Amino acid sequence: MKYDSIIIGHITMDINTDSDGVTVKQEGGAVLYSSASAFALGHRVAAVTKLPEKDKDRLNALKLDKEDVFCTYCESPSNMVNIYLTPDRERRNSTCSSVGTPFNADDLPETDTEIYHFAGLVFGDFDGGLIKAAAEKAKVAVDVQGFLRHVNRENGSMYFEDWAEKKELLPYIHFLKTDAAEAEILTGTADRKKAAEIMYSWGAKEIVITHNTEVLVYDGKQVYACPIRARNLSGRTGRGDTTFAAYICERLYKDIPSSLLTATATVSLKMETPGPFGGTREDVEKYINEFYKDII
């Protein structure tokens with residue numbers, strides 16, 4: 001079996017409270033949202049995760065076939081508490097009530113893939129050696145959140161710090177994803193285009209930066225951008241994960257503009273409904289024809 005992408009990360013149990021005070025408990029995590037969007041577009045993807053055996057019901061939240069889910073039982077689960085401060089969910093206070101057991105090379109399945117996608121949640125989910133080992137076998141895709149977001153082990157509060165190993169490890173990374181705030185932490189500039197150019201100069205081959213207005217891609221030659229056109233933001237959670245997984249899998253078969261359009265339309269449609277993307281490629285194509293006529 002050869003996959004387009006093997007996505008590695010924890011399935012969290014999230015307790016989310018909206019700005020209006022409504023609280024919902026549900027599964028979350030980058031591996032959940034990422035695998036859903038790539039799978040919905042028809043790509044062959046697998047999920048690699050770790051859970052205590054008592055929490056194995058979380059696996060049911062994945063939209064993948066059971067044979068494409070690789071789970072190792074472990075000691076500690078990943079649990080999050082999110083309090084959203086604004087209706088658009090752009091601002092939130094997050095705490096990590098339990099840090100998941102880290103991943104190591106033994107957790108990766110013995111199967112071929114075009115991409116290893118590291119969908120981490122907090123610093124410590126992966127170490128640099130795992131990225132280097134994966135890069136020897138396939139293209140590496142990294143969501144930088146898992147290397148910038150740290151957890152205060154005393155109270156569970158989370159904070160962001162620069163990635164000390166960035167210049168050492170970016171040359172091993174083909175696809176690098178950040179949001180606008182993370183790009184500024186890494187590079188020191190709020191200009192997304194300049195930030196992408198800096199990260200490219202450090203060795204990453206293709207930079208994806210998400211923002212509430214658009215998705216930007218830079219390949220060292222040209223900056224591409226596509227607007228987000230969601231009609232509402234009820235499904236804001238998982239924006240970056242949905243975008244990145246869709247984009248990198250599309251890039252295996254298409255050029256940057258086509259891949260970017262499909263990924264941005266996918267996340268725009270997904271943001272209109274809470275939870276992982278549950279549509280199809282046909283739904284995305286219909287959305288493109290309706291809302292991206294000026295681009296196609």
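Some observations on this one:
- Scanning segment 39-96 for residues that are touching a residue at least 60 places away in the same chain (Cβ under 8 Å), part of a loop (DSSP other than H, G, I, E, B) and either under 17 Å from residue 108 (Cα atoms) or touching a Phe, Trp or Tyr at 6+ places or on another chain (Cβ under 7 Å) (or both) yields a single hit, 63.
Residue-by-condition table, conditions (1) surrounded by 18 or more Cβ atoms within 10 Å (Cβ to Cβ); (2) at pLDDT 95 or above; (3) more than 23 Å from residue 13 (Cβ to Cβ); (4) in contact with a Lys or Arg (Cβ under 8 Å, 6 or more places away or on another chain):
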| position | (1), (2), (3), (4) |
| --- | --- |
| 58 | yes, yes, no, no |
| 91 | no, no, no, no |
| 95 | no, no, no, no |
| 123 | yes, yes, no, yes |
| 127 | no, no, yes, no |
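- Against the test of being of a type in the set (S, T, N, Q) and in contact with a helix residue (DSSP H, G or I) (Cβ under 6 Å, 6 or more places away or on another chain), the options 72, 95 yield a single qualifying residue, 72.
- Among the residues listed as 67, 27, the single one being crowded, with 17+ Cβ neighbours inside 10 Å, of a type in the set (Asp, Glu) and within 24 Å of residue 246 (Cα to Cα): 27
- Once segment 10-23 is narrowed to residues that are in contact (Cβ under 8 Å) with a residue 12 or more places away in the chain and either more than 20 Å from the chain's Cα centre (by Cα) or within 11 Å of residue 116 (Cα to Cα) (or both), the residue that is surrounded by the fewest Cβ atoms within 10 Å (Cβ to Cβ) is 20.
- Odd one out for residue 235 among (1) at pLDDT 95 or above; (2) crowded, with 18+ Cβ neighbours inside 10 Å; (3) within 29 Å of residue 291 (Cα to Cα): (1)
- Residue in segment 135-152 that is out of contact with any strand residue (DSSP E or B) (no Cβ under 6 Å at 6 or more places or on another chain), closer than 24 Å to residue 195 by Cα, assigned to a loop (DSSP other than H, G, I, E, B) and of a type outside the set (Val, Ile, Thr) present: no
- For segment 43-54, filtering for residues that are within 21 Å of residue 122 (Cβ to Cβ) and surrounded by fewer than 19 Cβ atoms within 10 Å (Cβ to Cβ) leaves 1.
- All positions within segment 191-207 that are free of Cβ contacts under 8 Å to residues at least 40 places away in the same chain, out of contact with any helix residue (DSSP H, G or I) (no Cβ under 6 Å at 6 or more places or on another chain) and outside any helix (DSSP H, G or I): 191, 205
Table: residues versus (1) without any contact (Cβ under 8 Å) to a residue 24 or more places away in the chain; (2) of a type in the set (S, T, N, Q); (3) closer than 28 Å to residue 28 by Cα.
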| site | (1), (2), (3) |
| --- | --- |
| 253 | yes, no, no |
| 261 | no, no, yes |
| 268 | no, yes, yes |
| 271 | no, no, yes |
| 285 | yes, no, yes |
| 290 | yes, no, no |
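- Scanning segment 254-263 finds one or more residues that are under 25 Å from residue 10 (Cβ atoms) and crowded, with 23+ Cβ neighbours inside 10 Å.
- Residues in segment 101-121 that are farther than 20 Å from residue 37 by Cβ and touching an Asp or Glu at 6+ places or on another chain (Cβ under 7 Å) were compared, and the one that is surrounded by the most Cβ atoms within 10 Å (Cβ to Cβ) is 103.
- From the list 107, 125, the lone residue that is closer than 24 Å to residue 147 by Cβ, in contact with a helix residue (DSSP H, G or I) (Cβ under 6 Å, 6 or more places away or on another chain) and not aromatic (Phe, Trp, Tyr) is 125.
- For segment 97-121, a tally of residues being touching a residue at least 40 places away in the same chain (Cβ under 8 Å) and outside any strand (DSSP E or B) returns 11.
- Taking the criterion of being of a type in the set (Val, Ile, Thr) and assigned to a loop (DSSP other than H, G, I, E, B), the only residue of segment 262-279 that qualifies is 273.
- When 273, 262, 242 are checked against the criterion of being at pLDDT below 95 and farther than 26 Å from residue 167 by Cα, 273 stands alone in meeting it.
- Scanning segment 280-293 for residues that are farther than 17 Å from residue 231 by Cα and outside any helix (DSSP H, G or I) turns up just one, 280.
The values are calculated or read from the model by the stated rules, or taken from the named source; none is laboratory data. Keep in mind that this is a model prediction, so the values were computed, not measured. With ideal geometry, Cβ positions are generated from the backbone for all residues, glycine too; neighbour counts draw on all protein chains shown.
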